[in-house]
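Step one of this worksheet: look at the structure below.
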Amino acid sequence: MSQSPIPKAVRKVLASALFTLSLTTPLLLVAGPQVQQLKGYVTPEIALAPLSRSVPPNTQFTLSIGLPVQHRDLLLNLASSVSDPNSDSYRNYLTAEEFADQFGANPADYQAVVDWAKANNLTVTAHRNRFVVTVTGSAADIESALNLHLNYRLRSDGTEFFAPDADPSIDLGVPVEHISGLENFIPPTRAGGSGKNGNYQGADFRNAYAPNMTLTGSGQKIGIFMLDGFAQSDINGYASQTNQSFLSVQVVPQGTALTPGDEGTLDIEASLSVAPAAQVITFVGSSNRTAILTNMTDRTDVKQFTSSWFWYNGSTTDTNLILQMKIQGQTFFQASGDGGAYQKGVWPNYISGSLDCRQFPGITLVGGSVLNMSSNGAAYGTLETAWPSSSGGIESSVSLPSFQSGLNGINGASKTNRNVPDVSAQAQDIIIYYKGGPITVGGTSLATPLWAGYMALVNQLAAGGGVNSPGFINPQLYALAGTSNYAKNFHDVVSGCTPNGLSGSNANKYCAGTGYDLATGLGTPQHTLIYTLSGVQAYPLFCQGPLTTTNNLTTFKWANAKAGSVPPGPGQCAWADRTPTGTEIKSGNTNILSGPLGQVANLAAGKYAEVGVYNAPSNHDMVVTQIVGQVSPPFSSSATLP
């Protein structure tokens, strides 16, 4: 690559000489043949904000340099097909390296960006996807590298934000799509609100949405998008308060200093309430959300992510990162909001040309509901209603996704634009442990990590059955709408409304109704949805005879039988897709043995109901033909055993 017509040493002198002028007049540079002039960073909103002062030269910033992906049409097609149950590509995910080879920059171009950053005194973090480079450096070095000045300006409320005085220009022959982290004009906000007199915590949520399941999220990792922090002592306190034990929370980037916040704390505790054995990993940052998303895509061992924060400066690079998650089989849950119904025909756009994070493709948006459990949280109860502050409505700037095409305008849903939310969960009167004691909170920021915990159960079951993770689950979820299987997988929330509290033409509300609605989406999950999403089903028990019994207390040995393996041998049992014939069922004689399942099979600990065990006289096969209640984790087979 040729040198810039303005050598770096000259640029530094020029930057210093024009510093005072930069407080009132943007710095203008003429781009040479190898200098890329990026656009759209000094938006009208930023330019009109009053100047305050310069950013001190030693202030540290983290930027994400996003490069264009290759073959974007193929990227969009693949992101859709891997989530489509009707596609041959369904659940055939790519590794991060395979993604880089198909869609990332070529290695030489990527290395050129790394070299450019190092030459400008910036610390570099390379990523597996090869289309984002994370750099950290001082304001002075960033100003020199990007030919701009960083200043503080004033928001309308008098608080300061930082932003560049000019669009960046970069002396680099490799095309750059976007640089994130150069401004924080609109600060991110929490989705969560708060409630009083709450009493739901810990196992209550498992009892509501995953009753009688012994799945705990063991072996799974839950990733949390986090813009504040937590204290491990609070997480330990919640474990003690709810009679559970948790793994210590991990932080990415490792060693990042955190200031404990209630949002970060509740995100962790809510997800662990549903999946207490999962490993929680917090992905933390401040003004650069692209860096957090990139770190998430690097961790392909994490199959479910949750975000209860809103950020409003999303870019094409961020969209590509979400698409990468889809192609890698990762699920991303995003809170819908706590402001009630969205205004009709209006979707906020706080910065010109930017995206609200809820507009990203490939995410599952979570609204709020209110449980009415019975027996002090031991059972689901009745009359789950829409949480009045839950946000939902129509994203007027996003076209209708294919997975919602079957809604056909039900309960006011749009036939042309994205409908929100997709699903819901409990969002009111939830007890967490924060700053050394219990407090009561609420909001879709609670409902969202509850879904991430639920997804950890799904992926634990999938992993145990040798099945790939479901990844982006919306196509599977919406395929249930309007079918007989909908009621078996969802609690349909049919009462309650979500007014937005505004007046005049801005006033709006949506009410829950039968099937999908703009207050609670498809509803809240039942335990059977775990099996549906995982792709792993519980099969009847198949035991090979001859077997003998004494007072129905015979213990059978389990065979390690899976799809494609040999059937269980004499005295062994396995789960199999097998239905007994009529001759095996002889009611009223000694061929029928009745009793608790635990008396006739050596199962893992769990809750089992009565079953019928039938002995076929011809071959002495023992077959369990009825399972009432859930067996978890089940011995499973994805194909018929002999």
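The values are calculated or read from the model by the stated rules, or taken from the named source; none is laboratory data. Predicted model, so just to flag it, every value in this text is computed and none were measured. Neighbour counts run over all protein chains shown; Cβ positions are idealised from the backbone, glycine included.
Just give me the residues in region 64-75 being surrounded by fewer than 18 Cβ atoms within 10 Å (Cβ to Cβ) and either in contact with a Leu (Cβ under 7 Å, 6 or more places away or on another chain) or part of a helix (DSSP H, G or I) (or both), in sequence order.
As a first pass, look at region 64-75 and keep what is surrounded by fewer than 18 Cβ atoms within 10 Å (Cβ to Cβ): 68, 70-74.
Arg72, Asp73, Leu74 - these are the residues of region 64-75 that are surrounded by fewer than 18 Cβ atoms within 10 Å (Cβ to Cβ) and either in contact with a Leu (Cβ under 7 Å, 6 or more places away or on another chain) or part of a helix (DSSP H, G or I) (or both).
So Gln241 clears everything in (1) closer than 18 Å to Ile430 by Cβ; (2) surrounded by 22 or more Cβ atoms within 10 Å (Cβ to Cβ) except one condition, right? Which one?
It is condition (2) that Gln241 fails.
Mind telling me which of the residues Asp262, Asp298 ends up being more than 18 Å from the chain's Cα centre (by Cα), surrounded by fewer than 21 Cβ atoms within 10 Å (Cβ to Cβ) and acidic (Asp, Glu)?
Values: Asp298 fails: more than 18 Å from the chain's Cα centre (by Cα).
Step by step, each of Asp262, Asp298 is checked, and only Asp262 is more than 18 Å from the chain's Cα centre (by Cα), surrounded by fewer than 21 Cβ atoms within 10 Å (Cβ to Cβ) and acidic (Asp, Glu).
In the list Asp84, Asp109, which residue meets the criterion of being in contact (Cβ under 8 Å) with a residue 12 or more places away in the chain and within 25 Å of Asp301 (Cβ to Cβ)? Working first, answer last.
On the way: Asp109 fails: within 25 Å of Asp301 (Cβ to Cβ).
Result of the check over Asp84, Asp109: Asp84.
Based on this model, can you work out whether Ser52 counts as small (Gly, Ala, Ser) and in the same structural domain as Asp165 (by TED's automatic domain parsing)?
Considered against the rule, which asks whether it is small (Gly, Ala, Ser) and in the same structural domain as Asp165 (by TED's automatic domain parsing), Ser52 comes out as yes.
Tell me, please, whether a residue that is among the aliphatic types (A, V, I, L, M), closer than 30 Å to Arg130 by Cβ and touching a helix residue (DSSP H, G or I) at 6+ places or on another chain (Cβ under 7 Å) can be found in region 327-344.
yes
Do we find that Thr483 is under 30 Å from Val346 (Cα atoms) and either polar (S, T, N, Q) or part of a helix (DSSP H, G or I) (or both) in this structure?
Details: under 30 Å from Val346 (Cα atoms): no; either polar (S, T, N, Q) or part of a helix (DSSP H, G or I) (or both): yes.
Judged against the criteria, Thr483 is not a match.
Just for strands (runs of 3 or more DSSP E) wholly inside region 76-162: which have at least 1 residues that are surrounded by fewer than 16 Cβ atoms within 10 Å (Cβ to Cβ)?
Details: elements: 123-126, 132-138, 150-154.
Answer list for region 76-162: 123-126, 150-154.
Anything in region 372-415 that is hydroxyl-bearing (Ser, Thr, Tyr) and within 25 Å of the chain's Cα centre (by Cα)? List them, or say none.
Correct list: Tyr380, Thr385, Ser389, Ser390, Ser391, Ser396, Ser397, Ser399, Ser402, Ser405, Ser414.
All but one of (1) in contact with a helix residue (DSSP H, G or I) (Cβ under 9 Å, 6 or more places away or on another chain); (2) among the charged types (D, E, K, R); (3) within 27 Å of Ala49 (Cα to Cα) hold for Asp356; which doesn't?
Against the list (1) in contact with a helix residue (DSSP H, G or I) (Cβ under 9 Å, 6 or more places away or on another chain); (2) among the charged types (D, E, K, R); (3) within 27 Å of Ala49 (Cα to Cα), Asp356 comes up short only on (1).
Can you report the number of residues in region 392-425 which are out of contact with any strand residue (DSSP E or B) (no Cβ under 7 Å at 6 or more places or on another chain) and either in contact (Cβ under 8 Å) with a residue 40 or more places away in the chain or in a helix (DSSP H, G or I) (or both)?
7
I'd like the residue in region 463-487 that is farther than 14 Å from Val423 by Cβ and under 17 Å from the mean Cα position of the chain (by Cα) and, out of all such residues, is surrounded by the fewest Cβ atoms within 10 Å (Cβ to Cβ).
Within region 463-487, the match that is surrounded by the fewest Cβ atoms within 10 Å (Cβ to Cβ) is Asn468.
Only one of these is β-branched (Val, Ile, Thr), outside any strand (DSSP E or B) and touching a Ser or Thr at 6+ places or on another chain (Cβ under 6 Å): Val458, Val441, Val467. Name it.
Val458
Output the qualifying pairs, or none if there are none: Cβ atoms under 6 angstrom, residues six or more apart or on different chains, first residue in region 248-265 and over 20 Å from Tyr434 (Cβ atoms), second residue surrounded by 15 or more Cβ atoms within 10 Å (Cβ to Cβ) and not aliphatic (A, V, I, L, M).
Between residues of region 248-265 that are over 20 Å from Tyr434 (Cβ atoms) and residues that are surrounded by 15 or more Cβ atoms within 10 Å (Cβ to Cβ) and not aliphatic (A, V, I, L, M), the close pairs are Val252/Phe283; Val252/Asn295.
So, Thr520, is that one of a type in the set (Ser, Thr, Tyr), buried (at least 18 other Cβ atoms within 10 Å of the Cβ), at pLDDT 95 or above and on the phi < 0 side of the Ramachandran plot or not?
Criteria met by Thr520.
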